[in-house]
1. Taking the conditions exactly as written (surrounded by 15 or more Cβ atoms within 10 Å (Cβ to Cβ) and more than 27 Å from residue 169 (Cα to Cα)), does residue 25 satisfy them or not?
2. For region 41-57, which residues satisfy the criterion of being open to solvent by less than 10 Å² (accessible area, probe 1.4 Å) and over 10 Å from the mean Cα position of the chain (by Cα)?
3. Condition (residue is in contact with a Pro (Cβ under 6 Å, 6 or more places away or on another chain) and touching a residue at least 60 places away in the same chain (Cβ under 8 Å)) applied to region 110-120: is it met by at least one residue?
4. Among the residues of region 74-94, how many are without any contact (Cβ under 8 Å) to a residue 60 or more places away in the chain and either within 20 Å of residue 129 (Cα to Cα) or in a helix (DSSP H, G or I) (or both)?
5. How many of the residues making up region 154-178 are at pLDDT below 90 and not hydroxyl-bearing (Ser, Thr, Tyr)?
6. Could you identify the single residue in 98, 52 that is among the charged types (D, E, K, R), within 30 Å of residue 11 (Cα to Cα) and modelled with pLDDT of 85 or more?
7. State which residue pairs qualify: first residue under 18 Å from residue 48 (Cβ atoms) and among the charged types (D, E, K, R) and inside region 22-36, second residue open to solvent by 10 Å² or more (accessible area, probe 1.4 Å) and assigned to a helix (DSSP H, G or I) in any location, beta carbons under 9 Å apart, and separation of 6 or more residues or different chains.
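The values are calculated or read from the model by the stated rules, or taken from the named source; none is laboratory data. As the structure is a prediction and not an experimental result, all values here were calculated from the model. Because the Cβ atoms are built from the backbone with ideal geometry, glycine has one as well, and the counts that use them run over all protein chains shown. Heads up: the accessible areas ignore ligands, DNA and RNA and are worked out on the full protein's heavy atoms, side chains in. Shrake-Rupley method; radii C 1.70, N 1.55, O 1.52, S 1.80 Å.
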Amino acid sequence: PHFLFNTLNNIYSFALSKSPQAGNLVLKLSDTLGYMITDCEEKLVPLEKELKMIADYIGLEKVRYGDRLNLLVQINGDPENKLIAPLLLIPFVENCFKHGASIMRGQQWINLKIDIKNNQLDFQLSNSKPAQTVTGNKKGIGLSNVQKRLQLLYDEKYYLKTQSTNDTFNVHLQVDLVELKDVADQYILKSKQQAKSYG
């Protein structure tokens, strides 16, 4: 909800000033909500769509900070024909904005690096954060839920490490990707087995 309201406020401001950027923001928001509501009903989604959603989300958030935010995003490797559990990465990205950039004054930074190699995704995210701990013991958005999902979906076949220092927060996630070809082969095999049982 915070993300949605902030984005709508940004769009409203650009619309009042008749900025052409308003239309681009509406398109990004529409694509993001459409993906979350429709595509994410599936157990696995194309990695390309997941990465586009993250890029759209970052684009929407970046508008709020302008030159105050140094943002570096690197994506290496080919995401084509690879599948991942939906909305697995976005809580980490959302967390670095809500608990980092949005509550800091002055210059902030976020570094995101994603490597796709040998059907494995290596996700590394780091961001600046306030030097003093914010009052309260709340964890970042959805991080505990992500850990539960990883355990349910990937059992022990993943690696996740989060590290918090005085002025930075780091996330390192490694998770296996599913080949689209493998899903198709499983579907064909299942169909053959069903046909054989009926015969």
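1. Working: surrounded by 15 or more Cβ atoms within 10 Å (Cβ to Cβ): yes; more than 27 Å from residue 169 (Cα to Cα): yes.
Against the criterion (surrounded by 15 or more Cβ atoms within 10 Å (Cβ to Cβ) and more than 27 Å from residue 169 (Cα to Cα)), residue 25 qualifies.
2. First, pick out the residues of region 41-57 that are open to solvent by less than 10 Å² (accessible area, probe 1.4 Å): 45, 47, 50, 53-54, 57.
Those that are open to solvent by less than 10 Å² (accessible area, probe 1.4 Å) and over 10 Å from the mean Cα position of the chain (by Cα): 45, 47.
3. Filtering region 110-120 down to residues in contact with a Pro (Cβ under 6 Å, 6 or more places away or on another chain) leaves 116.
Those still in the list that are touching a residue at least 60 places away in the same chain (Cβ under 8 Å) too: 116.
Yes; the residues of region 110-120 include at least one that is in contact with a Pro (Cβ under 6 Å, 6 or more places away or on another chain) and touching a residue at least 60 places away in the same chain (Cβ under 8 Å).
4. Filtering region 74-94 for residues without any contact (Cβ under 8 Å) to a residue 60 or more places away in the chain gives 74-80, 86-87, 90-91, 93.
Filter once more, so that each one left must be either within 20 Å of residue 129 (Cα to Cα) or in a helix (DSSP H, G or I) (or both): 90-91, 93.
Result for region 74-94: 3.
5. Going through region 154-178 one residue at a time, the tally reaches 5.
6. Working: 98 fails: modelled with pLDDT of 85 or more.
Of 98, 52, the one residue that is among the charged types (D, E, K, R), within 30 Å of residue 11 (Cα to Cα) and modelled with pLDDT of 85 or more is 52.
7. Matching pairs, first to second residue: 28/55; 28/56; 28/59; 31/52; 31/56.
Okay, residues lined up against (1) modelled with pLDDT of 95 or more; (2) more than 24 Å from residue 31 (Cβ to Cβ):
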{"site": "63", "(1), (2)": "no, no"}
{"site": "68", "(1), (2)": "no, yes"}
{"site": "91", "(1), (2)": "no, no"}
{"site": "106", "(1), (2)": "no, yes"}
{"site": "114", "(1), (2)": "yes, no"}
